[in-house]
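Note sheet for the following structure.
The values are calculated or read from the model by the stated rules, or taken from the named source; none is laboratory data. The structure displayed is predicted, hence computed values, not measured ones. FYI the Cβ positions are ideal-geometry reconstructions off the backbone, even for glycines, and counts take in every protein chain you see. SASA here: full protein model, heavy atoms, side chains in, ligands and nucleic acids out. Shrake-Rupley method; radii C 1.70, N 1.55, O 1.52, S 1.80 Å.
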Amino acid sequence: MENAPDHGRTVRNGSLAMIGLGVLLFVLSLVYLIPHDMGVTSDLRSRGVHVPAVVTECVEVSGPQDNPAGNSECRVRFTTSEGASVETRLAYVTGTVKARDTVTVVYDPRHTDTAALASSIGFWDSLVRNALDVVALVASVVMVLVGLAVHLAYRWLTRARSRPGVM
């Protein structure tokens with residue numbers, strides 16, 4: 001019985017951590033991921049301007065062992081249709097370009113710092129991004145429900161054990 005309190009604390013803390021992370025992922029999905037991905041793609045499709053750009057820098061999003069696709073956050077420099085020179089970070093990570101490549105980007109004339117590769121706002125790329133956003137949302141709900149179930153089940157079992165004549 002010496003291990004029971006430590007085990008109980010581990011179960012309780014683990015379930016609360018899962019609930020907390022699930023809520024955080026849920027809020028992140030609803031407040032940032034889904035609106036950002038849908039908003040940027042919608043804006044660029046509706047009023048975006050296609051221009052040539054030069055990739056000025058690419059930084060891998062993680063080490064090679066965790067990033068087999070070689071995805072990078074890249075910065076591009078382009079000239080707007082009004083003649084202004086803009087350097088900005090691409091809205092989406094990419095594994096298809098490297099520094100000094102010439103690419104076609106789509107930028108929002110209302111917010112010239114919002115730009116993406118023309119290929120990144122295509123149907124399949126948008127579908128994959130939206131599917132991943134929904135997976136994050138579903139995973140967050142599952143994390144909260146599992147954490148809550150474990151927490152409540154453990155509370156119920158510990159209370160049942162502590163009552164005389166039960167179990």
| task | Pull out the extension gain between ARG47 and THR102, defined as 0.36 nm times the separation in residues minus the alpha carbon to alpha carbon distance; nm, one decimal. | result | 17.6 nm
| Calculated FRET efficiency for the pair VAL134/VAL61, C-beta based, R₀ 25 Å, to 0.05 | 0.75
| Per residue, how much accessible area does the range 48-121 have with a 1.4 Å probe, in Å²? | 55
| task | Before anything else, pin down the relative contact order of the range 48-121: Cα pairs under 8 Å, at least 6 apart, normalised by residue count, whole percent. | result | 36
| FRET efficiency for TYR154 and VAL86, Cβ-Cβ distance as r, R0 = 45 Å, nearest 0.05? | 0.25
| task | Evaluate the distance, in nm, between pseudo-label points positioned 7 Å from the Cα of VAL142 and of ALA17 along their respective Cα→Cβ axes. | result | 2.0
| To the nearest µm²/s, what D does Stokes-Einstein give for the range 48-121 at 37 °C and 0.692 mPa s, using the Kirkwood radius over alpha carbon pairs as Rh? | 266
